Structures are given as C-alpha cells and as structure tokens.
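J.: I am attaching a structure below and will ask some questions about it afterwards.
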Amino acid sequence: MASSKCIIHLMKTLRVEFHCHSIYSKDSLAQPQNLINTARRRGIDKLIITDHNNITGAIIAKKIDPDLVIVGEEIMTTRGELLAGFVTEEVPPWLEPAEAIRRLKDQGAFISVSHPFDGFRSGHWQEADLIEIIGQVDAIETFNARCMNMQPNLLAQQFARQHHLAETVGSDAHTAWEVGRATLCLPEFTDAESLRRVIR
C-alpha cells in the first residue's frame, strides 16, 4: 500500500525594529551594545540602526552582532526626513529629496519616510512634497512610537493606503529601553531587494 507524506514548509518570520538611534545621534543616549542587548532580550530578529545623518553607530553595532544589525540612516533632506536600511555609504544631510533618494538607490538601499505628518518635528513632510517622491520610495512609516498623539500616524496610514504604499513601523528609540516598542513581523529577508518583496 502506497503511503504519502504531507510536507509543510513553514516560512520563518522575523520581528524587525526599523527605526532606532545610538549615541551617534546627538539626541540619543543608547550605546550600540545596549541596543543589541535589549533587542536580543526582547526577541527582535533584525535591528535597523538609523542614526541621524550618519552610519557610524550602525557599523559599530554590525561588527558586534552581524546577524542582528542592519546598517541604516535617517537623513534630513531639504523637505523632510528619509529612513533607509541596508545603507553602505553615508548620505549627507540637506540634499534635495531627489538627490538623497538617488544616492540611496545607487547603493541599493531600502527607502522609507520617517514620521511624515508629525508636525511637532522638523523632519515632517508637506503632503505636496511627499507626493513628489512616493514613486521613488519603498514604504512610508505609518506608526512611530514617539509621536505625541495618534493623529500623525493615522494620517500616514491613510496616505500610504490611498497611494498603495508599503508600510513600516518603528520605535524611533533614543534610549535602549525604548527598543521594540513598535516592531513589524515579516517573512524572512536577507537584503534590501528581498525586503522590498516581503514588506507588503
């Protein structure tokens, strides 16, 4: 009698922190090692360290824990902030958005937009400026745990869905204890291109 076996392939799920800062952001208190320790303790699989306008802290952390850390950067443009992952070359601040995006695309980075409608921050976007770049970015941050109230996040969610954009979330941690306050669970990815495939 013939027998059959049903084989179920379970895709690994990764818990991802898309947005956090180390002491290499001037407004952060978190040592790279402390970010790593907290992420590991809280079951985070991928930690994208996105310091303001530099990648130094992320590179240091990546050397400590290469399986956990993804090098990222939060970049202030002339219109608002971009949030990038899989960055290999630092992008300077105060470029026009199109130029910052071009430099990120040239290195294959994953590009999101930080807290686009949070008017309490200097890095927020005017909607008209955001519309100009939506065809060039991979996602919009639709939940940021540091927003003072839910309105900016709700506006970002509405904008992303109206324009059929993928969504990221992030703690925007500036201290180690904030790491993991907002994470996204995704199918496994290994680089920016595979992240683009699974993000939706």
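J.: Probe of 1.4 angstrom, ligands and nucleic acids ignored: what's the accessible area per residue over segment 94-200, in square angstrom?
T.: 48
J.: For the chain: lysine pairs with Cα atoms under 23 Å, gap of 8 or more or different chains, count?
T.: The number of close lysine pairs in the chain is 8.
J.: Name the most mobile residue of 70, 49, 23, meaning the one with the largest mean-square fluctuation, in a Gaussian network model of the chain with Cα contacts below 10 Å.
T.: Checking each option, the largest mean-square fluctuation is seen for 23.
J.: Under the 0.36 nm per residue contour assumption, what length would be gained going from the current alpha-carbon distance of residue 105 and residue 88 to full extension? Walk me through the intermediate numbers first.
T.: Working: separation 17, 0.36 × 17 = 6.12 nm, distance 1.09 nm.
Length gained, residue 105 through residue 88: 5.0 nm.
J.: Springs between alpha-carbon atoms under 10 Å, Gaussian network over the chain: tell me which of 120, 189, 110 tops the mean-square fluctuations.
T.: 120
J.: Additional query: Under 1.5 on a/c is rounded, so check that first for segment 49-134, then, if it is not, pick prolate when a/b is larger than b/c and oblate when it is not; a ≥ b ≥ c are the square roots of the alpha carbon gyration tensor eigenvalues.
T.: On the way: a/c = 2.28, a/b = 1.76, b/c = 1.30.
Prolate.
J.: Suppose only helical runs count, i.e. DSSP H with n ≥ 4. What mean residue ellipticity at 222 nm does that imply for the chain under -39500 (n - 2.57) per run, divided by all residues and rounded to the nearest 500 deg cm²/dmol?
T.: On the way: 6 runs with 55 residues, N = 200.
Mean residue ellipticity, 222 nm, calculated: -8000 deg cm²/dmol.
J.: Do you know the relative contact order of the chain, to the nearest whole percent, from alpha carbon pairs under 8 angstrom that are 6+ apart? Could the numbers behind the result be given before it?
T.: Details: 457 pairs, mean separation 45.2, N = 200.
Relative contact order, the chain: 23 percent.
J.: Using the alpha carbons of the chain, what is the convex hull volume per residue in cubic angstrom, as a whole number?
T.: In the chain, the Cα convex hull volume per residue is 143 Å³.
J.: Let me know the whole percent of all Cα-Cα pairs from segment 126-200 that are separated by more than 16 Å.
T.: I get 56 percent for the Cα pairs in segment 126-200 exceeding 16 Å.
J.: Relative to the first principal axis of the alpha-carbon coordinates of the chain, what is the inclination of helix 97-106, with its axis defined by its Cα atoms, in degrees from 0 to 90 and to the nearest 10?
T.: That helix lies at roughly 30 degrees to the long axis.
J.: How much of the DSSP bridge set in the chain is antiparallel, in percent, rounded to the nearest 5? Mind showing how you got there, number by number?
T.: Working: 13 of 27 bridges.
Restricted to the chain, the bridges split so that about 50 percent are antiparallel.
J.: Please report the carbon-and-sulfur percent of the accessible area for the chain; probe 1.4 Å, protein heavy atoms only, DNA, RNA and ligands left out.
T.: 53
The values are calculated or read from the model by the stated rules, or taken from the named source; none is laboratory data. As the structure is a prediction and not an experimental result, all values here were calculated from the model. Just the protein is used for accessible areas: all its heavy atoms, side chains included, with ligands, DNA and RNA removed. Shrake-Rupley method; radii C 1.70, N 1.55, O 1.52, S 1.80 Å.
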